[in-house]
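Asks: My questions will all concern the structure given below.
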Amino acid sequence: MKIILATTNKGKTAEIRSLLSGCGVEIISLADLSAVQLPEETGETFPDNAIAKARFVSERFGAGALADDSGLEVDALGGRPGVRSARYAGEGAGDEANYTKLLADMEGVPKGARAARFRCAIALVMPGGATMTFEGALDGEIAFSPSGANGFGYDPVFFIPEKGRTAAELTPDEKNAISHRGRALVRLKAWFALRHKLT
Ligand code: ITT
């Protein structure tokens, strides 16, 4: 079965391709097809946004498609930045601007009230429209200042109590083993593996 990945991000494509090897799926990157503009991420939830992107690509090419959406939810901020994580400090804002705004918004919030989680939703839309979503989360808390140089996004201010470090202080392998994206991908892989066994 051929599945188009609704991202032009080479890192994500390589990661998903290697994870799904042996499951009877051929992953095709959007970057290898004619240029398409993915729909704006206007949904209110991560699954909504992932489904919108996967459905768009599935209908456009008449094939199965996979898409993901992820972000950070902070309890003390009522779940923000949530689906607006990438543009929290404004359209086109960089990682540092986003986490600096987050730290400013969290000023005065004491340790013990700084719980947060990364969430990831992966949507699979089959030719004909059948749709499934797979989700993963990583619990942590917002640090008082950034530390660590690995990763991206909010990693330097996302402290993981079970590791005693921020996500930016983990190696890529350590992060992948516990991350929201890693966990959602494991669930997706289990579904493909079962399907492969049954067909
Ligand atoms: P796409 O082109 O694939 O949409 P993106 O950068 O928008 O790439 P996501 O939608 O997956 O990536 O993530 C949205 C934002 O959530 C991202 O810009 C980060 O700020 C934050 N985020 C998601 N996963 C993260 C992680 O593992 N570590 C740190 N920040 C993360």
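Asks: Quick one: angle between helix 10-19 and the longest Cα principal axis of the chain, in degrees between 0 and 90, rounded to 10, please.
Replies: Once rounded, one gets 70 degrees.
Asks: From the helices alone, meaning DSSP H stretches of at least four residues, give me the mean residue ellipticity at 222 nm for the chain, per-run term -39500 (n - 2.57), in deg cm²/dmol to the nearest 500.
Replies: Using -39500 (n - 2.57) per qualifying helix, the result is -10000 deg cm²/dmol.
Asks: Over the range 1-139, consider all pairs of different Cα atoms and compute the Kirkwood hydrodynamic radius from their mean reciprocal separation; express it in Å, one decimal.
Replies: The Cα-based Kirkwood calculation yields 16.3 Å.
Asks: Pairing the Cα long axis of helix 180-198 with the longest principal axis of the chain, what angle in degrees results, from 0 to 90 and rounded to the nearest 10?
Replies: Orientation of helix 180-198: about 20 degrees from the principal axis.
Asks: Here's something else I'd like to know. Relative to the longest principal axis of the chain, what angle (0 to 90°, nearest 10) does the C-alpha long axis of helix 46-61 take?
Replies: On a 0 to 90 degree scale, this one is about 30.
Just so you know, all these numbers are worked out from the coordinates, no wet-lab data involved. Quantities reported herein were computed from a predicted structural model and do not represent experimental measurements.
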